[in-house]
Amino acid sequence: MTPSSFAGQARVMMQVIYNSDNYYVVEYSDQHAYELVDKRSERGMFFEGDGAARFMDFMRIAAREDASIEHVDDFLGSFDVLLDRRVVH
């Protein structure tokens, strides 16, 4: 048997934790990081470290206040000014 081409490489575990017509949020659990993407503008932001922890704290608060898609999208819209990475698909 030949070894897998992934042998010895770090695995990046990712999970989409929020998905609407306008935004999605991906969690990278191995990196303790999150990615926010605005589907309309095709721009995103990658949060790591303390920034990732604060982002998720605020995300939980927003969802607790009102878990509707409209409310969460409004909350995520407040980050639009920070979305500095072009999304390629």
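The values are calculated or read from the model by the stated rules, or taken from the named source; none is laboratory data. Predicted, not measured: the structure shown is a model, and the values here were computed from it. Every residue, glycine as well, gets a Cβ built from its backbone with ideal geometry; the counts of neighbours run over all protein chains shown. Each accessible area value is taken on the protein alone, full model and side chains, heavy atoms only, with ligands, DNA and RNA left out. Shrake-Rupley method; radii C 1.70, N 1.55, O 1.52, S 1.80 Å.
Calculate the dipole size of the chain relative to its Cα centre from +1 charges on Lys and Arg beta carbons and -1 charges on Asp and Glu beta carbons; express the result in debye to the nearest 20. Dipole size: approximately 360 debye. Dividing the summed helix terms, -39500 (n - 2.57) for each DSSP H run of n ≥ 4, by the number of residues in the chain produces a 222 nm estimate of -9500 deg cm²/dmol to the nearest 500. So what does the Cα-only Debye profile of the chain read at q = 0.22, 0.23 Å⁻¹, as log10 I(q)/I(0), no solvent term? Taking Cα atoms of the chain as identical point scatterers yields -1.11, -1.20.
Separation of the stretch 23-42 and the stretch 48-89 by C-alpha centroid, Å? Spelled out, the Cα-based centre of one part sits 9 Å from the other.
Heavy atoms of the protein chains alone define the surface here; on that basis the chain has 72 Å² accessible area per residue at 1.4 Å probe size.
Full extension of the chain between Ser78 and Met56 yields a length gain of 6.5 nm, computed as 0.36 nm times the residue separation minus the alpha carbon distance. For the chain, carbon and sulfur atoms together expose 52% of the accessible surface, with a 1.4 angstrom probe and every protein chain in place.
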